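**Q** Structure incoming, see below.
Nothing in this text is a laboratory measurement; each read-out follows from the coordinates by a stated rule. For clarity, every value in this text was computed on a predicted model and none was experimentally measured. Please note: Cβ atoms are built from the backbone with ideal geometry, for glycine as well, and neighbour counts cover all protein chains shown.
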Amino acid sequence: MSELLTLENVDAYYGRSHVLHAVSLAVRRGEVVLLLGRNGAGKTTIMRTAMGLVAVRGGDIRLRGRRILGLAPHRIAQLGIGLVPEDRRVFAKLSVRQNLELGRKAPSDPDRPGAWNFEAVFALFPALAELQSRRSGTLSGGQQQMLTIARTLMGNPELLLLDEPAEGLAPVIVEVLAERLATLRHQGIAMLISEQNLTFARALADRAYVMESGTIRHQGAIDELDAHPQAWTRYVGF
Ligand code: ATP
């Protein structure tokens, strides 16, 4: 598998606050990678940094070997990364269909044809087809999460960054979400998924990185990490 997203020794800052310390991480084509860690460990910051939303003062960030560090977020999105933020951010006054419309982007790479359209997202999330003309602010948390993912897919990402996608959702909805993400995985979409607990995406994931205080403390296949239960307890909290 060739490398899709690579962060190499990245130092990132919010103002003067040094938040990521020499973070190195890779997601290969088609791979699902978990980013684990307690509240405040730096998971959201890694995703926002990859998207060009956080100041970086050291290291490098590449997509398919090409430097994306310093590019504007919309350029990075166009090149194939889609961020699904933790707070979902649907446009509450717009309909489901209008939200999806806003996610549409022409891929800038001619080798990556734009496969996602209304038909394709409705096939993946049939409930959204029924809700097309509903105002998005009236949807349940689970429906809003599906809508945010669907809207991001409309931009034809090759890599999805999902920030705590299961947070606050009922267990039955989390199961549906896991199934949908498994389908995306089969379609070859790579994912970096952040979580505070491992139960949700474990079955989907190839590898995991475990963070604490803005640094990567452990990395490896999930089973390898299982061999270090004390690390789970310390860094992830279970
Ligand atoms: P959570 O589960 O709460 O989202 P996280 O692992 O995603 O946690 P981050 O949100 O990346 O963690 O936060 C990493 C560190 O950066 C924390 O110490 C946090 O207080 C700090 N931080 C986050 N956002 C900002 C900001 N806008 N300005 C200053 N510091 C911030």
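**Q** Please sort 81-94, 54-67, 156-169, 205-218 by packing, taking for each peptide the average over its residues of neighbouring beta carbons within 10 angstrom, highest first.
**A** Details: 81-94: 17.6, 54-67: 14.7, 156-169: 22.0, 205-218: 19.7.
So the order, starting with the most tightly packed, is 156-169, 205-218, 81-94, 54-67.
**Q** Quick one: in the chain, what % of C-alpha pairs are over 30 Å apart?
**A** Values: 6303 of 28203 pairs.
Cα-Cα pairs of the chain separated by over 30 Å account for 22 percent.
**Q** I want to verify the translational diffusion coefficient of the stretch 105-216 in µm²/s; compute it with Stokes-Einstein, Rh as the Kirkwood radius over Cα pairs, at 37 °C and 0.692 mPa s.
**A** Numbers: Rh = 15.2 Å.
D, rounded to a whole number, is 215 µm²/s.
**Q** Just the number, please: Stokes-Einstein D of the stretch 1-103 in µm²/s, Kirkwood Rh from C-alpha pairs, 10 °C, 1.306 mPa s.
**A** Numbers: Rh = 14.8 Å.
Rounded, D is 107 µm²/s.
**Q** Something else: How much mean residue ellipticity at 222 nm does the chain get from its helices, if each DSSP H run of length 4 or more adds -39500 (n - 2.57) and you divide by all residues, to the nearest 500 deg cm²/dmol?
**A** On the way: 8 runs with 69 residues, N = 238.
Rounded to the nearest 500, it is -8000 deg cm²/dmol.
**Q** Would you mind ranking I46, I222, I68 so that the residue whose beta carbon has the fewest other beta carbons within 10 Å leads the list? Intermediate results must be reported in sequence, preceding the final value.
**A** On the way: I46 28, I222 16, I68 21.
In order of increasing Cβ crowding within 10 Å: I222, I68, I46.
**Q** How many percent of DSSP beta bridges within the chain run antiparallel, rounded to 5? Kindly include the intermediate steps, with their values, before the conclusion.
**A** Numbers: 24 of 42 bridges.
Here the antiparallel bridges make up roughly 55 percent for the chain.
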